[in-house]
Ligand SMILES: Cc1cc2nc3c(=O)[nH]c(=O)nc-3n(C[C@H](O)[C@H](O)[C@H](O)COP(=O)(O)O)c2cc1C
């Protein structure tokens, strides 16, 4: 079971990179059984805004853009995901939404958990992901993590997670792994 920890912010200086690195390191140190973690920096893929003449759901992975094909291969190689997401203007970040939109079968019947951060825990973004992800047949676990820019960061810049976060992360990763294994049977 390979779980990709996706850094959903592409902003220079993104806090999401610190959060995702912590999730990776903490997950590596936990006893998660047959689970392999991988950090995925969305910014490295430099995706353009949906620019393919073919609708992704019908494209059969034959994307016009080389950037999209790279992204497609990465998502294909993963069984499940942790979406590390900021909340922008009470919603999901556009770059990560676009990254979901540009491909289709690569997401199908895989599990995900949402690890959000923001002034109010990024909970509005989490709720939006709970609506969006099932549209690409990503099954979202009930557990979630809502980090506070006040309580889990020093000066809203340096990630210093509250003590309970490591336990929350283990619970989230275990739930993702379990659901990921269950829904993999739905894949063709
Ligand atoms: C365009 C934009 C909109 C934002 N809107 C919100 C918001 O609605 N709620 C919130 O809690 N924080 C909001 N913030 C503050 C972010 O939580 C904060 O900048 C955080 O560092 C963003 O994550 P990132 O650094 O990984 O990009 C916003 C930041 C940006 C750049």
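Across the range 129-139, not a single residue is classified as in a helix (DSSP H, G or I), out of contact with any helix residue (DSSP H, G or I) (no Cβ under 7 Å at 6 or more places or on another chain) and over 30 Å from residue 54 (Cβ atoms).
Does at least one position in the range 110-122 carry a residue that is part of a helix (DSSP H, G or I) and more than 9 Å from the ligand (Cβ to nearest atom)?
First, the residues of the range 110-122 that are part of a helix (DSSP H, G or I): none.
For the range 110-122, residues part of a helix (DSSP H, G or I) and more than 9 Å from the ligand (Cβ to nearest atom): absent.
The single condition among (1) touching a strand residue (DSSP E or B) at 6+ places or on another chain (Cβ under 6 Å); (2) assigned to a loop (DSSP other than H, G, I, E, B); (3) away from the ligand (no atom under 15 Å from the Cβ) that residue 172 does not satisfy is (2).
Conditions (1) more than 16 Å from the ligand (Cβ to nearest atom); (2) touching a residue at least 40 places away in the same chain (Cβ under 8 Å); (3) surrounded by 16 or more Cβ atoms within 10 Å (Cβ to Cβ); (4) within 18 Å of the chain's Cα centre (by Cα), marked per residue:
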position: 6; (1), (2), (3), (4): no, yes, yes, yes
position: 22; (1), (2), (3), (4): no, yes, yes, yes
position: 35; (1), (2), (3), (4): yes, yes, yes, yes
position: 42; (1), (2), (3), (4): no, yes, yes, yes
position: 50; (1), (2), (3), (4): yes, yes, no, no
position: 54; (1), (2), (3), (4): yes, no, no, no
position: 66; (1), (2), (3), (4): yes, no, no, no
position: 71; (1), (2), (3), (4): yes, no, yes, yes
position: 77; (1), (2), (3), (4): yes, yes, no, yes
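Taking the stated definitions as given, is residue 125 surrounded by 21 or more Cβ atoms within 10 Å (Cβ to Cβ) and either within 16 Å of the ligand (Cβ to nearest atom) or assigned to a helix (DSSP H, G or I) (or both)?
Numbers: surrounded by 21 or more Cβ atoms within 10 Å (Cβ to Cβ): yes; either within 16 Å of the ligand (Cβ to nearest atom) or assigned to a helix (DSSP H, G or I) (or both): yes.
It is true that residue 125 is surrounded by 21 or more Cβ atoms within 10 Å (Cβ to Cβ) and either within 16 Å of the ligand (Cβ to nearest atom) or assigned to a helix (DSSP H, G or I) (or both).
Residue 138 meets each of the listed conditions (1) more than 15 Å from the chain's Cα centre (by Cα); (2) crowded, with 19+ Cβ neighbours inside 10 Å apart from (1).
Any read-out appearing in this document is the output of simple, stated calculations on the displayed coordinates, not a laboratory observation. Quantities reported herein were computed from a predicted structural model and do not represent experimental measurements. Note that each Cβ is placed from the backbone with ideal geometry, even for glycine, and that neighbours are counted across all protein chains shown.
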